[in-house]
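Shown next, in structure tokens, is the structure this report addresses.
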Amino acid sequence: MTRLKTMILGGLVGAFVMIQFIQPDRNDSGQVSKQSLTALYHVPDNVTQILQQSCANCHSNNTAYPWYTHVQPVGWWMARHIRKGKAELNLDEFAGYSDRRRVSKLRSMKNQVMDGVMPLTSYTLIHRDARLSKEQKQQLVSWLDNTIDSLNQ
Amino acid sequence: MTAIGLSCLKHEIALLLFFYRNLNLKVMKPFIFMVAIIATTIAACSNPQKSNAKTVISSPQSSPKEAPQNASLGAVMTHYLHLKNALASDNTKEAATASAQLHTALAELGKQLLSSAQKKAYSDISADALENAQHIADNGGNIKHQREHFQGLSEDIYDLIKAFGTSQTLYKDYCPMAKATWVSEVKDIKNPYLGKSMSTCGSVKETISKK
């Protein structure tokens, strides 16, 4: 019986070690984008800071990987979020969107933040500094509101 | 010119093959055979609209339907209005279904023969409209999120109507509480953003007459 247990445990440890070798591609262009949201609009520092710490890891071309994302399967989970997140909104390619879609994306950002859907809860559970305080939410939303209004004129 | 010539040639080959496969040539009088070929070939080649459609629509499977001079929003409007009414009665599942159909209709619209003004409007609007329709289709069960995307979608649809015209009288409505517009086929207000809880919020801002 103990022999069986040891074998199972050994198998699990072995599998865990094995999957560490399957590293997902890294989302790390290493460049500051000229097409980014912050290059396109005047974004105050506090808002830039919020976007950077709470959104950019999944919605830009440069993810700052915390150490635990080098451990699989966390890294895979992260890579999947980044792929899906960037398809919806890429802050580093914002200038590439048409005028119509820029307004659309800014509105979606506002809605997602107000609904408390973004940043993803499953992510903020581990990545604590990505959580938004009430004030931060308000600052982000009011900047989004102003920008949307100015684009709608 | 060469395109028209080519399509005539294709037509003739297809016709010959058709006769060869389907009719018993021995019984058929050669005279009728000749007349049939000449008559249909002339018909096909002297109809510039048809040959034009053939050169634009390159897909060989597409049936040679009568290509209208100007595409119409028909199917797009049907499904948009269906979606709008589903949201107005708080029916999130039906909204998702209607929006999936709208998505298909929007994609199909791009394959029709468009005037240059329509083409321009379509290329400006379609990406956003398709994306909004997709989100609504994917979020059956989350009516709040569906309504968020319905706002942008409604503006897209309104702009499409401006470029494509409409075959029925439509109304552009606005509700200050939702801060959002929508397009309706009836004059009565039935609010798709607030649903049954606040059904009558809003007023007609514009009547879009058919043209």
Mind giving me the nanometre distance, one decimal, between the label points for A:K134 and B:K144, set 7 Å out from Cα along Cα→Cβ? 1.8 nm
Excluding ligands and nucleic acids, what accessible area in Å² is computed for A:L106 using a 1.4 Å probe, to the nearest 10? 0 Å²
Any idea how far apart B:S115 and A:M18 come out in nm if each label point goes 7 Å out from Cα toward Cβ? 6.5 nm
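Of the listed pairs A:K105/B:K93; A:K84/B:K210; A:K34/B:K93; A:K134/B:K205, which have alpha-carbon separations greater than 31 Å here? All intermediate terms of the calculation are to be shown ahead of the outcome.
Values: A:K105/B:K93 25 Å; A:K84/B:K210 41 Å; A:K34/B:K93 42 Å; A:K134/B:K205 36 Å.
Where the Cα-Cα span goes over 31 Å, the pairs concerned are A:K84/B:K210; A:K34/B:K93; A:K134/B:K205.
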Note down the accessible area of A:I148, probe 1.4 Å, to the nearest 10 Å². 10 Å²
Unit Cα scatterers, Debye sum, chain A: log10 I(q)/I(0) for q = 0.12 Å⁻¹: -0.57
How do B:M177, A:M109 rank by accessible surface area computed with a 1.4 Å probe, from largest to smallest? B:M177, A:M109
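Order A:V47, A:V32, most accessible first, counting only protein heavy atoms with a 1.4 angstrom probe.
Details: A:V47 5, A:V32 140 Å².
My answer, sorted largest first, is A:V32, A:V47.
Treat region B:61-184 as a sphere of radius equal to its Kirkwood radius over Cα pairs and apply Stokes-Einstein at 25 °C in a medium of 0.890 mPa s; give the translational diffusion coefficient in µm²/s, rounded to a whole number. Walk me through the numbers before you get to the answer.
Numbers: Rh = 14.7 Å.
Estimated diffusion coefficient is 167 µm²/s.
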At a probe radius of 1.4 Å, what is the per-residue accessible area of B:Y193, in Å² to the nearest 10? 20 Å²
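Suppose only helical runs count, i.e. DSSP H with n ≥ 4. What mean residue ellipticity at 222 nm does that imply for chain A under -39500 (n - 2.57) per run, divided by all residues and rounded to the nearest 500 deg cm²/dmol?
Values: 8 runs with 90 residues, N = 153.
Counting only the DSSP helices, I get -18000 deg cm²/dmol.
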Hits among aspartates and glutamates - C-alpha to C-alpha of B:K187 under 15 Å, sequence gap 8 or more where chains match: B:D173, B:E206
Which of the helices in chain A, when you take each full DSSP H run, stretch at least 18 Å along the axis at their Cα atoms and have an average Kyte-Doolittle score of 0.5 or higher? A:2-19
If you take the accessible area of A alone, add that of B alone, and subtract the area of the pair, what total do you get in Å², probe 1.4 Å, to the nearest 100? 1100 Å²
The correct ranking of B:T104, A:T124 by accessible area at 1.4 Å, largest first, is B:T104, A:T124
Name the residues of region A:94-120 whose accessible area, probed at 1.4 Å, falls by at least 10 Å² once all protein chains are in place instead of their chain on its own? A:S98, A:R100, A:R101, A:S104, A:K105, A:R107, A:S108, A:N111, A:Q112, A:D115
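The values are calculated or read from the model by the stated rules, or taken from the named source; none is laboratory data. All of these numbers come straight from a predicted model, not from anything done at the bench. Glycine also receives a Cβ, built like all others from the backbone with ideal geometry; neighbour counts cover every protein chain displayed. SASA here: full protein model, heavy atoms, side chains in, ligands and nucleic acids out. Shrake-Rupley method; radii C 1.70, N 1.55, O 1.52, S 1.80 Å.
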